[in-house]
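The block underneath contains the structure these notes are about, expressed in structure tokens.
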Amino acid sequence: MRILGIETSCDETAAAVLDDGRLRSNVIASQTDLHHRYGGIVPELASRRHLETLLPVIEEALAGAGVTLPDIDAVAVTCGPGLVGALTVGVAAAKAIAFGLGVPLVGVNHLEGHIYANFLEHGPLPLPLVALIVSGAHSDLVLMHDHGRYDVLGRTRDDAAGEAFDKVARAMGLGYPGGPAIDRLARHGNDAAVPLPMPVVEGDRLDFSFSGIKTAVLRVLERQPAPTEAFLADLAAAFERVVVGALVEKTVRATRRHRPRALVLAGGVASNTRLRDEFARAAQELGLSHYRPSPVLCTDNAAMNAAAGEAALGRGRRDTLSLAAHA
Ligand code: KG4
Ligand code: ZN
């Protein structure tokens, strides 16, 4: 089974070919250059760029895999959540290709796609597992009972983790996307030098809240009109300590409550150095096997959608040409 994966939910235009579970090509065209000067993603510009870039990206993915369109047996595409205009471009292309070739089409939930980056890279994983999915728009703790069977244990009540990274980076003058910039800067900082409040979330759910920490960082910056590089490094390190601390603490709590057989990290923020380290340490202390994708498979890509699509097709799932993008 040779699957063409497509990804256009946000600011990466991507296509990949998966051949019986083996990744043959993985092409990712980032739009960072386009959105950088706005300090964040401009949805309409993202859609237009997907429109220009998607077919060349698909052609490159096919060429990289040494195949042509008639060799494709199925098409898997992210249909949501994401920017609806951006998603529509990928969904329309996937439908056209599936219809033209007369092959199955399967819509993939973007967050499920992120989880499957781990199955793609590490093979069959012990189930049930708890997945921490942290991206630009989501911070979700998910209990995966089996393929296609999930319970959302917690999510963010305000900003997503990646969104907090991006907003804080922007306020620090580090540009977009902010996550990788803070990651690099924080390595040179002292995480105890700037006091920041730990997020508090009322109630029993395993929810997150990151808007308070973001505001606290903005207040610190207001009091430092001309921060030095060293101060910014300390602030970045302190911010990471708090955000990563909250993410790992809730993951540990979810594990104690639901007793999974494995822990999985996923989404763009899963490429964060400190989160990867602390997640691994927590899993070891709990005596649980844990999995993280390589950084290139953490941020948006189409290989993960092809992998999730392959599993869905294996369960007999098919979508019709009425498949729609949903925000
Ligand atoms: O999964 P993703 O590529 O797109 C969405 O589905 O949203 O995640 C993008 C997010 C951005 O907020 C970006 O700043 C963050 O992932 N990110 C990071 C790192 N690399 C990407 N955050 C922290 N540390 C990183 N190294
Ligand atoms: Zn994503």
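Read-outs throughout are calculated quantities, based only on the coordinates presented, and are distinct from any laboratory measurement. All of these numbers come straight from a predicted model, not from anything done at the bench. Cβ placement follows ideal geometry from the backbone for every residue including glycine, while neighbour counts extend to all protein chains displayed.
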In the stretch 206-249, what trypsin sites (Lys or Arg not before Pro) fall in a loop by DSSP, with at most 16 other Cβ atoms inside 10 Å? ARG223
Relative contact order (percent) for the chain, with alpha-carbon contacts under 8 angstrom and 6 or more residues of separation? 25
Computed, not fitted: 222 nm per-residue ellipticity of the chain from DSSP H runs ≥ 4 (each -39500 (n - 2.57)), nearest 500, equal to -14500 deg cm²/dmol
Any idea what the dipole of the chain comes to, in debye rounded to 20, about its Cα centre with Lys/Arg Cβ at +1 and Asp/Glu Cβ at -1? 640
Can you give me the distance in nm between label points at HIS258 and ARG157, each placed 7 Å from the Cα along the Cα-to-Cβ direction? 2.0
Post the alpha-carbon centroid distance, the stretch 178-200 to the stretch 3-18, in whole angstrom. 32
Nearby lysines by direct alpha-carbon distance to LYS167 (threshold 27 angstrom, same-chain neighbours under 8 apart not counted): LYS214, LYS250
Of the candidates VAL252, ALA164, PRO225, the farthest towards the positive dipole end of the chain (Lys/Arg Cβ +1, Asp/Glu Cβ -1, centred on the Cα centre) is VAL252
Rank LEU321, ALA266, ASN301 by how far each Cα sits towards the positive end of the charge dipole of the stretch 189-327 (+1 on Lys, Arg Cβ; -1 on Asp, Glu Cβ) and give me just the farthest. LEU321
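As a footprinting exposure proxy, order MET1, MET144 by other Cβ within 10 Å, with the fewest listed first.
In increasing order of surrounding Cβ atoms, one gets MET1, MET144.
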Nonlocal amide H pairs with SER139, under 5 Å, H built at 1.01 Å: THR156, ALA161
PRE reach from LEU34 (point 7 Å along Cα→Cβ): which of the stretch 48-83 fall under 11 Å by backbone N? 48-54
Please find the FRET efficiency linking LEU218 to ARG315, where r is the Cβ-Cβ separation and R0 is fixed at 51 Å, and quote it to the nearest 0.05. 0.65
Pick from LEU83, LEU288, LEU247: which residue has the top mean-square fluctuation in a GNM of the chain where Cα pairs under 10 Å get a spring? LEU288
Of all DSSP beta bridges located in the chain, what percent are antiparallel, nearest 5? 60
